[in-house]
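Trainee: The following block contains the structure, expressed as structure tokens.
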Amino acid sequence: MDTSFASVFYEIALLVLLAAGVGFVGLLLRQPLVVAFIAVGVLAGPDALGLVSSTEFIETLSQISIAVLLFLVGLKLDVSLVRNLGKVAVATGLGQVTFTAFFGFLICLALGIDWLTSVYISIALTFSSTIIIVKLLSDKQEIGALHGKIALGFLIVQDIFVVLCMVTLSALGVGLGEEAGSVAEVALVFLGGAAMVGFVILFIRYVAEPLLNLVSRSSELMVIFAVGWAASLAATGDALGFGKELGGLLAGVSLASTQYREAISSRLTSLRDFLLLFFFINLGAALSLDTMGDQIGPAIVLSLFVLIGNPLIVLAIMGFMGYRKRTGFLAGLTVAQISEFSLIFMAMGITIGHIGDEAMGLVTLVGLVTIALSVYMITWSHKLYEVLEPWLGLFERRNAHREQTDTEQSHLSRNYDYVIFGLGRYGCRIGQRLREKGYRLLGIDFDPEALAHWRSMGMDAAFGDATDPEFVAHIDLSHVRAVVSAVPRERGSLTEADPQLALLHGLKSANFKGKVFLSVQQMAEADDLLNRGASVILKPFDDAADYAVRQLVKEDE
């Protein structure tokens with residue numbers, strides 16, 4: 001066996017095992033893999049364990065990881081999706097990016113950093129991690145809540161900003177790099193880029209959908225094709241001189257309008273996470289711990305700016321647009337960290353020769369601090385809001401019209417027999433049966449489509465969130481017989497963000513004396529909810545199974 005091959009194999013095996021161990025520690029600390037991967041990179045670097053010797057092989061895997069990551073970003077940039085972004089997503093996204101870049105630049109200058117490096121760092125601070133935010137909101141069952149939907153909207157705006165920054169950086173690299181060529185060479189690069197964009201447009205128009213219709217017959221082949229397509233266009237972009245990053249991005253854009261976008265994205269997520277490990281290992285191997293140690297002071301200042309400043313600007317913009325302080329606060333916490341794209345952006349700057357390793361070390365430290373702390377801030381967002389709520393009134397208009405129209409306000413003061421939270425299939429069925437018996441109903445949900453469907457059945461509806469005690473306090477419950485929660489929730493232990501517990505807390509604060517019906521998926525949750533004040537526990541799956549068995553037995557008889 002080739003000894004060099006064997007050493008690379010053993011080295012990769014050791015690094016992956018180290019990543020698994022550090023990742024497990026991160027899991028216990030409720031940290032995302034990004035933090036664990038950065039830690040692995042620093043540990044494996046020459047200033048710590050010195051495990052990295054096959055730098056060329058790891059760098060190749062690192063470049064493939066960037067191509068795949070940007071390919072997945074490109075997959076999200078469907079033109080129709082961008083066109084349908086709400087005003088709040090665009091305004092909040094652009095406002096946060098502008099605020100962070102401008103004041104971040106001034107802070108960097110005040111810290112004694114040169115102007116060009118300050119530009120890079122301030123832009124890197126504007127990117128938030130879509131991967132982390134989506135994971136945390138999904139775990140908390142808040143991805144469909146109002147603040148979750150708004151957060152996803154301005155994350156798309158940030159992704160577009162990432163693309164524009166990388167396009168600009170590639171252009172600067174062509175024209176201003178240390179080895180910049182003649183005007184003719186630069187023009188040739190731009191001509192090649194234009195030709196590649198034209199090819200992608202034609203591919204989208206005539207080839208993408210038919211080709212994927214054939215490839216999709218095998219899910220394994222679709223994954224292989226997607227990775228090959230991303231790597232091929234990344235290599236083409238590199239050969240033409242405008243960078244692997246933009247090549248991988250264009251590969252994703254070329255498939256973004258197809259019906260297979262989500263299928264490809266979901267199948268490549270695990271591969272992306274695995275390959276990103278080598279990007280961070282490659283990054284850590286190039287960092288000096290002494291250099292990072294000198295950056296602790298500036299890193300703390302910039303971390304506080306990201307952790308506090310970013311949420312505040314989102315809160316201020318959403319408050320000005322007519323959203324309540326609670327929604328603005330919960331949405332704002334999602335941008336209290338920087339992203340893996342921040343490190344990729346800085347790496348591009350180093351490649352071009354605009355900045356040094358010190359700047360990368362500084363941004364890496366900011367990434368570790370902000371990602372690690374923001375995870376806990378988002379996880380305990382409701383408790384944090386309860387503590388800070390008395391000081392957040394400054395960010396809320398007297399009439400938060402975005403979350404409550406005049407029509408809906410009138411609904412909250414009418415006399416109803418039942419109030420139903422959660423207007424999905426289960427909640428709608430309960431509502432239909434109660435209406436057939438002549439009861440007056442109010443349905444409440446934060447999903448506009450669910451509200452429209454409920455109203456189409458001829459019943460009153462109001463926009464609201466079961467986890468918001470302030471909203472519950474605004475409902476006139478004096479004549480209500482019972483409140484029913486049909487809000488879907490994931491299996492797992494009850495937490496402070498659980499909609500059932502939050503609703504019980506809100507009803508208790510509103511001094512509600514009627515019955516409270518809560519739906520659960522597991523009987524293990526029932527006793528806890530009953531002890532906390534629930535009157536009756538609804539079991540959708542068990543009840544449906546019991547009814548089915550009764551029908552089956554009746555047929556046998």
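Trainee: Is region 89-103 home to any residue that is part of a helix (DSSP H, G or I), under 24 Å from Asp238 (Cβ atoms) and among the hydroxyl-bearing types (Ser, Thr, Tyr)?
Mentor: no
Trainee: Is it the case, given these coordinates, that Tyr439 is surrounded by fewer than 16 Cβ atoms within 10 Å (Cβ to Cβ), part of a loop (DSSP other than H, G, I, E, B), modelled with pLDDT of 85 or more and in contact with a strand residue (DSSP E or B) (Cβ under 8 Å, 6 or more places away or on another chain)?
Mentor: Numbers: surrounded by fewer than 16 Cβ atoms within 10 Å (Cβ to Cβ): yes; part of a loop (DSSP other than H, G, I, E, B): yes; modelled with pLDDT of 85 or more: yes; in contact with a strand residue (DSSP E or B) (Cβ under 8 Å, 6 or more places away or on another chain): yes.
Yes; evaluated as a whole, the condition is true for this residue.
Trainee: If I ask for residues that are within 23 Å of Lys149 (Cβ to Cβ) and surrounded by fewer than 21 Cβ atoms within 10 Å (Cβ to Cβ), which ones from region 352-375 would you list?
Mentor: none
Trainee: Here is a further query. Looking for whichever is touching a residue at least 60 places away in the same chain (Cβ under 8 Å) and either closer than 23 Å to Ile371 by Cα or of a type outside the set (Asp, Glu) (or both) here; the options are Val34, Val22. Which one fits?
Mentor: Details: Val22 fails: touching a residue at least 60 places away in the same chain (Cβ under 8 Å).
After applying the criteria, what remains is Val34.
Trainee: Pick from region 99-140 the residues that are in contact with a Pro (Cβ under 7 Å, 6 or more places away or on another chain) and closer than 30 Å to Gly464 by Cα: which of them is surrounded by the fewest Cβ atoms within 10 Å (Cβ to Cβ)?
Mentor: Our first condition is that a residue be in contact with a Pro (Cβ under 7 Å, 6 or more places away or on another chain); within region 99-140, this holds for 111, 132, 135.
From what is left, the residues that are closer than 30 Å to Gly464 by Cα are 132, 135.
On the way: Ile132: 22, Lys135: 16.
Checked region 99-140; the qualifying residue surrounded by the fewest Cβ atoms within 10 Å (Cβ to Cβ) is Lys135.
Trainee: Looking at Glu220, is it farther than 26 Å from Ile344 by Cβ and in contact (Cβ under 8 Å) with a residue 24 or more places away in the chain? Let's see the steps before the verdict.
Mentor: Details: farther than 26 Å from Ile344 by Cβ: yes; in contact (Cβ under 8 Å) with a residue 24 or more places away in the chain: no.
No.
Trainee: I'm checking my understanding of the structure. Among residues of region 37-60 that are part of a helix (DSSP H, G or I) and farther than 19 Å from Met360 by Cβ, which one is modelled with the lowest pLDDT?
Mentor: Taking region 37-60 and keeping what is part of a helix (DSSP H, G or I), we get 37-44, 55-60.
The next check asks that each one be farther than 19 Å from Met360 by Cβ; those that pass are 56-57, 60.
Details: Glu56: 79, Phe57: 82, Thr60: 84.
Out of the qualifying residues, it is Glu56.
Trainee: Among the listed residues Asp294, Asp238, which satisfies the condition of being surrounded by fewer than 19 Cβ atoms within 10 Å (Cβ to Cβ) and under 30 Å from Ile107 (Cα atoms)? Steps first, answer last, please.
Mentor: Values: Asp238 fails: under 30 Å from Ile107 (Cα atoms).
Exactly one residue qualifies, and that residue is Asp294.
Trainee: Shifting gears a bit: Mind listing whichever residues of region 1-34 are in a helix (DSSP H, G or I), modelled with pLDDT of 80 or more and within 19 Å of Ile338 (Cβ to Cβ)?
Mentor: Passing the criteria: only Gly26.
Trainee: Continuing with this model, one more query. Among the listed residues Gly332, Gly252, Gly349, identify the single one that is closer than 30 Å to Glu209 by Cβ, in contact with a helix residue (DSSP H, G or I) (Cβ under 7 Å, 6 or more places away or on another chain), buried (at least 23 other Cβ atoms within 10 Å of the Cβ) and modelled with pLDDT of 85 or more. Give the derivation first.
Mentor: Values: Gly332 fails: closer than 30 Å to Glu209 by Cβ; Gly349 fails: closer than 30 Å to Glu209 by Cβ.
Being closer than 30 Å to Glu209 by Cβ, in contact with a helix residue (DSSP H, G or I) (Cβ under 7 Å, 6 or more places away or on another chain), buried (at least 23 other Cβ atoms within 10 Å of the Cβ) and modelled with pLDDT of 85 or more holds for just one of Gly332, Gly252, Gly349, which is Gly252.
Trainee: State which residue is farthest from Thr60 (Cα to Cα) when the search covers only region 257-290 and only residues that are of a type in the set (Val, Ile, Thr) and crowded, with 22+ Cβ neighbours inside 10 Å. Quick ask: steps written out before the conclusion?
Mentor: Of region 257-290, the ones of a type in the set (Val, Ile, Thr) are 258, 264, 269, 281.
Still in the list and also crowded, with 22+ Cβ neighbours inside 10 Å: 264, 281.
Numbers: Ile264: 23, Ile281: 12 Å.
Applying the filter and picking the extreme gives Ile264.
Trainee: Residues that are farther than 27 Å from Ile156 by Cβ, at least 2 per element: which helices (runs of 4 or more DSSP H) completely within region 205-260 meet that?
Mentor: Working: elements: 208-215, 219-240, 244-255.
In region 205-260, the matching helices (runs of 4 or more DSSP H) lie at 208-215, 219-240.
Trainee: Of these, Asp546, Asp476, which one is over 32 Å from the mean Cα position of the chain (by Cα), part of a loop (DSSP other than H, G, I, E, B) and modelled with pLDDT under 85? First the steps, then the outcome.
Mentor: Details: Asp546 fails: part of a loop (DSSP other than H, G, I, E, B).
From the options Asp546, Asp476, the qualifying one is Asp476.
Trainee: Output the residue which, of all residues in region 376-435 that are of a type in the set (Ser, Thr, Tyr) and either at pLDDT below 80 or more than 29 Å from the chain's Cα centre (by Cα) (or both), is surrounded by the fewest Cβ atoms within 10 Å (Cβ to Cβ). Walk me through it before giving the result.
Mentor: Here is the first cut: in region 376-435, the residues of a type in the set (Ser, Thr, Tyr) are 376, 379, 381, 385, 405, 407, 410, 413, 416, 418, 426.
From what's left, either at pLDDT below 80 or more than 29 Å from the chain's Cα centre (by Cα) (or both): 405, 407, 410, 413, 416, 418.
Working: Thr405: 12, Thr407: 11, Ser410: 11, Ser413: 9, Tyr416: 21, Tyr418: 21.
So the residue we want is Ser413.
The values are calculated or read from the model by the stated rules, or taken from the named source; none is laboratory data. Given the structure is predicted, the values throughout are model-derived calculations rather than measurements. Neighbour counts are summed over all protein chains in view; Cβ atoms, including those assigned to glycine, are modelled from backbone coordinates with ideal geometry.
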